[in-house]
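These notes are about the structure you will find just below.
The values are calculated or read from the model by the stated rules, or taken from the named source; none is laboratory data. Since this is a predicted model, take the numbers as computed values, not measurements. We place every Cβ from the backbone using ideal geometry, glycine too, and count neighbours over all the protein chains shown. Note: areas computed on protein heavy atoms with side chains; ligands, DNA, RNA excluded. Shrake-Rupley method; radii C 1.70, N 1.55, O 1.52, S 1.80 Å.
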Amino acid sequence: MMYDQTRAQQPAGQNRVPSERRTPGPEPLLPSSERDKVLQRLRHALNTFADTPRDALEEAESAYDEATAQLVTALAARRDLLRAAWADQDPESPSESDSEEFRNALRQYREITQRLLQL
């Protein structure tokens, strides 16, 4: 039998039914390949700090700038997709499907905004 860390962290007597699976977390704001590149540059800066502190700091600053630029671009693209889903709907007489799209877009705006505020 394998050790189940999630189950072990639950309070005693609280067993999860197999059908109660966790919902997946929020979608990452940046693709993993882009995150990996920035993290690799940051690790390089950390590893070279002892030998070349100024160069390491410049590399870390550059990695930070790259990450923030990518994040701004990703957030703008996500906003554009969200807006496209609801912007063309008739606000005076929304259909049931329009209302559902509005609700979904509002939920996504809320989730992204809350994530940003937790950074």
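Below are the figures for this structure:
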| quantity | calculated |
| --- | --- |
| Positive minus negative residues near ALA56 (Lys, Arg vs Asp, Glu; Cβ under 13 Å) | -2 |
| With every protein chain in place, segment 46-99: carbon and sulfur % of accessible area (1.4 Å) | 55 |
| Relative contact order (percent, whole number), segment 45-114, Cα cutoff 8 Å, 6+ residue spacing | 21 |
| Mean accessible surface per residue for segment 25-119, computed with a 1.4 Å probe while every protein chain stays in place, in Å² | 77 |
| Computed Rg/Rh of segment 46-119, alpha carbon atoms with Kirkwood Rh | 1.30 |
| Counted charge near GLN108, where neighbours are those whose Cβ lies closer than 13 Å (Asp, Glu -1; Lys, Arg +1) | +2 |
